[in-house]
1. Checking A:Lys140 against (1) part of a helix (DSSP H, G or I); (2) charged (D, E, K, R); (3) modelled with pLDDT of 95 or more, which test does it fail?
2. If you check A:Cys103 against the conditions, is it away from chain B (no Cβ under 14 Å) and within 15 Å of ligand 1 (Cβ to nearest atom)?
3. Could you list all residues from region A:91-111 that are within 12 Å of B:Val45 (Cα to Cα) and near ligand 2 (Cβ under 7 Å from one of its atoms)?
4. Just to check your reading of the model, which residue among A:Met115, A:Met76, A:Met34, A:Met90 is within 16 Å of ligand 1 (Cβ to nearest atom), touching a helix residue (DSSP H, G or I) at 6+ places or on another chain (Cβ under 8 Å), on the phi < 0 side of the Ramachandran plot and away from every other protein chain (no Cβ under 14 Å)?
5. Scan region B:39-69 for residues that are more than 20 Å from B:Asp127 (Cβ to Cβ) and more than 12 Å from chain A (Cβ to nearest Cβ) and jot them down.
6. Which of the following residues is surrounded by fewer than 21 Cβ atoms within 10 Å (Cβ to Cβ), in a helix (DSSP H, G or I) and touching a residue at least 60 places away in the same chain (Cβ under 8 Å): A:Val221, A:Val306?
7. If you scan region A:118-140, which residues turn out to be under 16 Å from A:Trp155 (Cα atoms) and either near ligand 1 (Cβ under 10 Å from one of its atoms) or small (Gly, Ala, Ser) (or both)?
8. Output the number of residues of region A:405-442 satisfying the condition of being touching a Pro at 6+ places or on another chain (Cβ under 8 Å), touching a residue at least 60 places away in the same chain (Cβ under 8 Å) and within 14 Å of another protein chain (Cβ to nearest Cβ).
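The values are calculated or read from the model by the stated rules, or taken from the named source; none is laboratory data. None of the values given here were measured: they were computed from a predicted structure. Every residue, glycine among them, receives a Cβ derived from its backbone with ideal geometry; neighbour counts consider all protein chains shown.
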Amino acid sequence: MSERLKSDEDFSKIDLNPSKTGWMDTPTVIKDGMFCFAAKPQSVKTLDLPYSREWNPKHDDWKLPENWKEIIYEGMRDRLDRFRTFKIFMDICVRCGACADKCHFFIGTGDPKNMPVLRAELIRSVYKNDFTTFGKIFGKLGGARPLTLDVLKEWWYYFFQCSECRRCSVFCPYGIDTAEITIIGRELLNLLGLNIDWIATPVSNCYMTGNHMGIQPHAFVGMLEFFVDDIEECTGVRVNPTFNKKGADILFVTPSGDVFGDPGTYTCMGYMILFHYLKEKYGLEVTWSTYASEGGNFGLFTSNEVMKRLNSKMYAEAKRLGVKWILGGECGHMWRVINQYMGTMNGPADFLEEPVNPITGTKFENAKSTKMVHIVEFTADLIKHGKLDLDPSRNDNLKVTFHDSCNPARGMGFFEEPRYVIKNVCNNYYDMPRNCIKEQTFCCGSGSGLNASEDMELRLAGGLPRANAVKYVNEKHGVNMLACICAIDRAVLPPLMGYWVPEVDVTGIHELVTNALIIPGEKEKTVNLRGEDIPDKESDPDEYYVRPAFSGR
Amino acid sequence: MNLKDLLEKRKSAIIKCWFDLVVETYPLDTSQFLKKQKDPFANPVGATISQALKPLFDEILNRMDHEAIAAYIDPIIRIRAVQSILSPSQATSFIFFLKKAIRENLRKELKDIEISNDLLVFELKIDEVGLIAFDIFVKCREQVYTIKANDRLNRAFGAFKRAGLVTETMDDTQGL
Ligand code: SF4
Ligand code: SF4
C-alpha cells in the first residue's frame, strides 16, 4: 500500500499544485473578493469622463468602444510624450528583482503578478511591442506582447491591486516608481470608462457636494454640532466651532472620513478641542469650511485633471475667506497631493501668507509654496514650545504603536513629528520593527481607493505584512492601540486588526492628544471621547483595556 | 526502533520536506521567495508556516490535543483563507502533505510491516488534523464575510446613527 501511495497521482486526484507557466502564459482569472465593483455610469458622467455605461468585470463583454485599442495606443503615446518619468520607467528597468518581494500585495496574496516588476511589465510588454523596435523584432522573447482584450483585463485587475504606496520604489536602484506606472495605467483604463465605483462615486460626490461622502453642508454642520454635545458630556467644556468664517486666521481642512466615520470621529473631536483650547488661551481663530469639506482627493486615483479640479476648491475657499494659511488634518493621500503636486498644480497661492505659527513664531519653511501645514507638525511645534498643558498619564491604559501611512511617510518624509507628539501625550510607546516603519512602512492594504468592502480578501491579504508587525508588538509589549494619521487607515485598520490581531484597536493622533490635554474649565473626566471609563492612575494597561465589541471579530 | 522513535529521529528532515511541499502550493516565483527570505517581517507567510509546522508535528506525534492543534494551524489557514490564488482544497490540504513527507523520508523503514501498519494508524491522526483544518478554514471564511458585510455599515453609518442623522432602516442592518 505504501508503494502505491508514493505516486503523486494516487496521492490525490485534486490538483494541489499551481501552474508552472511563465507570467505571460498564466491566464488572469478575475476572482471575487479581489476586485472592486465597476463605477456607476452616473458618477462617470458627472465627471465628464468618457464611456459611462453599466458593465461588470466578471462578464466576458466589457462593452468597450469598438476602437478601444486605438484609444489606448493614443493614450499611451500622449503620456509617453507628456510624462518623462513614464517613458523612462518603461525603458530603464533591468529586471534586477530588487523590488519584486517588497510589495505587500505580493507578500500577502502570493500572486507573482503583484510583484512590482511584473506589475510594470504588464504595461511595459505592450510598450515594447508597439513603441520600440527591439520589441517589434524580438517579440515575446524580448518581453513584448500585443494588446489584447485579455491583456486589458489583466491591467484592470492588477492596477487595482496596487495601492500606489511606493514601497517598491524605495528599493529600486533606478528609482523606478511603480506607483506612477499604476497611476498611468489607471488613467488609460479611465479612457475606456473602466474605473471602480469606490473611486468614481466619491470623486463625483466631492465634485458635486464638496466631500467624498456626498454629505451636504447642513449635515456636515449637524455632525460637528453633535460632536460639540459629545465633547461637553465628556469634558464639561462646550466648544464652539466656526464655519466659513471670513477673516479667521486659519482655514482647517480634513478628510470627510473624520467627520463621518468611526473611529475618525474621535480624532475629529480632538481637532475641535484643540482649536477651542488655542482660541481660549491664545486667541487663535481656526474655521471649518462646508464648501472645502474634504481634504482627501480621490482624483489622485483617477487622473491628473480630476485631481487638480478637486484640489482647487481648498485654495478657492481660502481666498474667499481671506485666511492667512491652511491647516490640514490627519490624512494620507491628501498630503501626497499637497506636498507633491499642489504647489505647481493650482499654486503658487500667492494670496496666502507663508505659514507661521502665530503662537510660537515658527515658520513652516516646507509649506512655503503650498501654504498648507500638517496638523501633526503644528501640534508638535506647540508641544515643543510648551504651549499645551498635557497629562500623558490619562492615556496610561494604552500601549501605543504607530503605523506610518504610506503617503505622509514616503510622499513627504514625515517620520518624527507623529512619534514626537505621541511620546509627549502617551507614556507607553513601542515602534514596530525597523523594516516595517518609516520609509519602509507597509501599506494598510486598502489605499488608493481600494478601501471598498467587496474586495475584502484583497485588503486582508494585502494588509497582512502590516498586521503581522502589529501582532509582533502586541505579543512582545502588549501593544493595544495602533495610532495613525490617515482617514483611510482609521477606516480600514479596524477590520484588518479584527481579522489578524483582534486585541488591537485603532486611533488617530489627535484623539490621543486631547485625551491628555488639560482644557481650561474642564470637569473631572470620568470617560474619554469614546465614552470609555478613564483608568485609575495606578491601573495596569494590560488588565485595564478591554477592546470594544466589533462584530465579525 | 518503533515508528514514534523513528519520526522523532527524522523530525527535522520530515518537517523541512513538509515545509517545502506546503510552499510549493504557490506559483514558482512565490515559493522561491517563501523559502529564501528568512526575515519574518519581510516574509510573514513563510515565517508563519515554518514557525507552526514543528510544534504541530510534535503535537500530532504526542498529545494530539485538538485545541493546541487548532492554535498551531489557525495562523496558516487564516492566511490561506484570504489568498484567492488558492482553492479551498489547496488552502487546507497542506496538512495531508505530512503523509508524503513522512513516506519520502522513511522509504526504507516502511518495508517493515509493523512500522508500515503503525504509520497507517498515525495517518488517521493526520486525517483528523485535516478535519480540524477544514473547520478553521470555514470559520475564517465566515469571519471574512461578516467583516465584509459590516464594513461599510459600521464605518459610514455608525457615526450618523449616533448623531441621530439617520434613524430608520439602519436598525436591522447593524451587526450582521
Ligand atoms: S506601489 Fe505599493 S502596491 Fe504598488 S506595486 Fe509598489 S509596493 Fe506594490
Ligand atoms: S528594482 Fe527597479 S530595476 Fe529592478 S526590477 Fe524592480 S523596477 Fe526594475
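1. (3)
2. Details: away from chain B (no Cβ under 14 Å): no; within 15 Å of ligand 1 (Cβ to nearest atom): yes.
So A:Cys103 fails the test.
3. Hits for region A:91-111: nothing passes.
4. Working: A:Met115 fails: away from every other protein chain (no Cβ under 14 Å); A:Met76 fails: within 16 Å of ligand 1 (Cβ to nearest atom); A:Met34 fails: away from every other protein chain (no Cβ under 14 Å).
Exactly one of A:Met115, A:Met76, A:Met34, A:Met90 is within 16 Å of ligand 1 (Cβ to nearest atom), touching a helix residue (DSSP H, G or I) at 6+ places or on another chain (Cβ under 8 Å), on the phi < 0 side of the Ramachandran plot and away from every other protein chain (no Cβ under 14 Å), namely A:Met90.
5. Initially, region B:39-69 is screened for residues more than 20 Å from B:Asp127 (Cβ to Cβ), giving B:39-51, B:54.
Selection gives B:Ser50, B:Lys54.
6. Details: A:Val306 fails: surrounded by fewer than 21 Cβ atoms within 10 Å (Cβ to Cβ).
Among A:Val221, A:Val306, only A:Val221 is surrounded by fewer than 21 Cβ atoms within 10 Å (Cβ to Cβ), in a helix (DSSP H, G or I) and touching a residue at least 60 places away in the same chain (Cβ under 8 Å).
7. Looking only at region A:118-140, we keep the residues that are under 16 Å from A:Trp155 (Cα atoms), and these are A:118-129.
Matches in region A:118-140: A:Leu118, A:Arg119, A:Ala120, A:Ser125.
8. 1
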